[in-house]
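What follows is a single structure, written as structure tokens, with notes after it.
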Amino acid sequence: MIAAVVLSAGESSRMGRPKALLPIDGQTFIEKIIGTLKATPVGKIIVVLGHNAVDLRQRIEHLPVEILVNPDYQLGQLSSLQVAVRRLQAENDCDGMLVHLVDHPYIERSLVDEMVRRFYESKKFIVVPSCGGKRGHPVIFSRALFGELLGAPMDQGAKAVVNAHREDTLEIATDYEGIAVDIDTPEIYKKHVQGE
């Protein structure tokens, strides 16, 4: 089983309001992401909250997800990922996790399907999509890397683990530019969402 982990713990300081709740296509970022993931082979979906967790939980508890809260979210993205890793380590049937970021609302079901399939076929530790030579999200990490993710330096984040396993990484080329669209300012939101 692959578990999906959606990281939504940051302060959204540059955006000025919670990115998880930004409107897109008649729904919120988080609803769009979860809706897509529910249609893929992932076995469960975890959302990690941090900043403003009580309010956000109330806004998303109707979704078919397990909600975890990172009390140390100010330490950065890796600290939120580690909260999910600790939870998933206890699940013997979890083969890996598909990590996605809440400020990347464009996620394509067919790409996730292919990533999960190729993860099992290739036996690689990491599966990552790339478009035009640029890598994006989501990223699959094998259970074999959970220990390294827990021990990674906070200032380097998961990139330290990715860089240590170049030979164990499967890069999947895609034409889907959404993998690299990171919406973290009002200007970028206006360009990619309101300007559609």
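The values are calculated or read from the model by the stated rules, or taken from the named source; none is laboratory data. Everything quoted here is computed from the prediction, not taken from an experiment. All Cβ positions, glycine included, derive from the backbone under ideal geometry; neighbour counts span all protein chains shown. Accessible surface is based on the protein model in full, side chains and every heavy atom, while ligands, DNA and RNA are left aside. Shrake-Rupley method; radii C 1.70, N 1.55, O 1.52, S 1.80 Å.
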Problem set entry | Filtered residues of segment 153-196 (kept if aromatic (Phe, Trp, Tyr) and in a helix (DSSP H, G or I)) | TYR189
Exercise. How many residues are hydrophobic (A, V, I, L, M, F, W, C) and under 17 Å from the mean Cα position of the chain (by Cα) if we restrict to segment 147-159?
Worked result: 3
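Please count how many residues of segment 111-141 are closer than 18 Å to ILE45 by Cβ, in a helix (DSSP H, G or I) and open to solvent by 20 Å² or more (accessible area, probe 1.4 Å). Full working, then the answer.
Step one: list which residues in segment 111-141 are closer than 18 Å to ILE45 by Cβ, which gives 111-113, 115-116, 119, 127, 137-141.
Still in the list and also in a helix (DSSP H, G or I): 111-113, 115-116, 119.
Now drop any that are not open to solvent by 20 Å² or more (accessible area, probe 1.4 Å), which leaves 113.
The number of residues fulfilling the criteria is 1.
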Exercise. Do the conditions hold for GLY151, that is, is it over 16 Å from PRO41 (Cα atoms) and surrounded by 16 or more Cβ atoms within 10 Å (Cβ to Cβ)?
Worked result: no
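Go through ILE67, ILE33 for me and flag whichever is without any contact (Cβ under 8 Å) to a residue 40 or more places away in the chain and under 17 Å from the mean Cα position of the chain (by Cα). Don't jump to the end; show me each part of the working.
Values: ILE33 fails: without any contact (Cβ under 8 Å) to a residue 40 or more places away in the chain.
Only one candidate passes the filter, namely ILE67.
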For this session: Could you tell me whether segment 93-110 includes any residue that is among the hydroxyl-bearing types (Ser, Thr, Tyr) and farther than 16 Å from PRO138 by Cα?
Result: no
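I'd like the residue in segment 154-196 that is polar (S, T, N, Q) and in contact with a Leu (Cβ under 9 Å, 6 or more places away or on another chain) and, out of all such residues, is least open to solvent (accessible area, probe 1.4 Å).
First, the residues of segment 154-196 that are polar (S, T, N, Q): 156, 163, 169, 174, 185, 194.
Okay, now just the ones that are also in contact with a Leu (Cβ under 9 Å, 6 or more places away or on another chain), so 156, 174.
Working: GLN156: 105, THR174: 25 Å².
Across segment 154-196, the extreme among qualifying residues is THR174.
Output the residues belonging to segment 11-29 that are under 13 Å from the mean Cα position of the chain (by Cα) and within 14 Å of ALA53 (Cα to Cα).
If we filter segment 11-29 for residues that are under 13 Å from the mean Cα position of the chain (by Cα), which is where we start, we get 20, 29.
The answer is ALA20, and nothing else.
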